[in-house]
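Just below is one structure, and these are the notes that go with it.
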Amino acid sequence: MNSAAIQVIDNELIGNLCFDAGRSQRRRKNYNLHQMVDPVHRFLNAIEPDAYVQPHRHTQPERQECFVVLRGSFIVVIFNNSGDITHTIHLGENSDRGVDIVPGIWHTLISLEPGGVVFEVKQGPYVPLAAVDAAPWAPREGSVKADSYLERLKRRVWHFDRCNKAQAGSLQEGAV
């Protein structure tokens, strides 16, 4: 068997990737298991809590996206076309482990702790994110407003989760 045909995802690889993410200006780092022209892209994505992933969708071309947590915990935030939060999915070792997002859904991923890593899968080949797929109501990555937007978004997520949990509890209390 050709050992080059097998890529082992071990703790050393994950640790090194997290180290690189922590030193990166973007505060995240990918490790590709694919070639850019491959029809399916599979990669590890180490994301620190202060990393900003601009809310986006995949319509140009339409692509599904799947995240599975390997280490740490994350929140996937789903938005409507106006940028309002419509849903949050908590992912981690002690909660849901992954999510598959269909094309056209506005979303972002927030790491909740240092050293978080997801395994990500989406269709290839690589095509840069189209301008129409970057959320117009959110700042671009690297902009001067990105950090403050991320902090406001985290507060909005906390408030959204708290309100929905309280509402779900009150609905359950009234159930017969």
Legend entry - Any hit, segment 22-37, residues being closer than 17 Å to residue 121 by Cα, surrounded by fewer than 21 Cβ atoms within 10 Å (Cβ to Cβ) and in contact with a His (Cβ under 6 Å, 6 or more places away or on another chain): yes
Legend entry - Residues located in segment 89-145, provided they are under 12 Å from the mean Cα position of the chain (by Cα), of a type in the set (Asp, Glu) and either over 22 Å from residue 46 (Cβ atoms) or surrounded by 13 or more Cβ atoms within 10 Å (Cβ to Cβ) (or both): 120
Legend entry - Every residue from segment 94-152 that is more than 21 Å from residue 31 (Cβ to Cβ), among the charged types (D, E, K, R) and in a loop (DSSP other than H, G, I, E, B): 140, 145
Inset, instruction - Go through segment 38-79 residue by residue and tally those that are in a loop (DSSP other than H, G, I, E, B), in contact with a His (Cβ under 8 Å, 6 or more places away or on another chain) and more than 17 Å from residue 100 (Cβ to Cβ). - result: 1
Inset, instruction - Test residue 82 against the criterion of being part of a helix (DSSP H, G or I), of a type in the set (Gly, Ala, Ser) and exposed (fewer than 14 other Cβ atoms within 10 Å of the Cβ), and give yes or no. - result: no
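All of the numbers you see were taken from the coordinates with simple rules; none came from a lab. Owing to the predicted nature of the structure, the values given are computational and were not obtained by experimental measurement. Backbone-built Cβ (ideal geometry, glycine too); neighbour counts: all protein chains shown.
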